[in-house]
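What follows is a short report on a single structure.
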Amino acid sequence: MKKRGSSDFLLYPSLYLRGYVMLYPNYADFVSLSTNHLEVGSHVKVRTLEKQKQFLVPLMETTNCGTVALLDLPGRTLPQWNALPVLNLTGGMATLESLVEVGHIRREELTGCTDDLALFDIHQLLCTAPKL
């Protein structure tokens, strides 16, 4: 695995290989809590205006009281987590169990490891011993 200059070096393998998921609410008009930045690098060779527009979403603004509209959701609450759809990395429908299974299979293919995973141990996840 090529080392990158950011936290994604450890984050993305952990998310994928462990079958982790993220709950992220959808707000009206695509208002978002954060945005992506389009930077030239390994995935983007040319930073065109068309590509930049795909990454721009309106950010949630604070009100005149200094608060954000986090509860501007239907019913002013999040739905029960088990009622939400689960999507895989390509946006296809999945189950939480299938994400974990796919991650375990891929981990075995990449590393040859078949042992059970300890929570939060990146070295065990990638079958590497920490350098002392």
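The values are calculated or read from the model by the stated rules, or taken from the named source; none is laboratory data. In this text the structure is predicted, and so the values were computed from the model without any measurement. Here Cβ is always computed from backbone atoms with ideal geometry, including for glycine, and neighbour counts include all displayed protein chains. Protein only, heavy atoms only, side chains kept; ligands, DNA and RNA dropped before computing areas. Shrake-Rupley method; radii C 1.70, N 1.55, O 1.52, S 1.80 Å.
Ranked from the most accessible area to the least, with a 1.4 Å probe and all protein chains present, what is the order of Leu73, Leu15, Leu59?
Leu59, Leu15, Leu73
Just to confirm a number: summing +1 for Lys and Arg and -1 for Asp and Glu over residues other than Pro58 whose beta-carbon lies under 14 angstrom from that of Pro58, what do you get?
Details: positive: Lys53; negative: Asp29, Glu61, Asp72.
Residues close to Pro58 contribute a combined charge of -2.
Rank these by accessible area, largest first, 1.4 Å probe: Glu108, Glu61, Glu101. Before the final figure, lay out each step's value.
Values: Glu108 95, Glu61 145, Glu101 115 Å².
Solvent-accessible surface, decreasing: Glu61, Glu101, Glu108.
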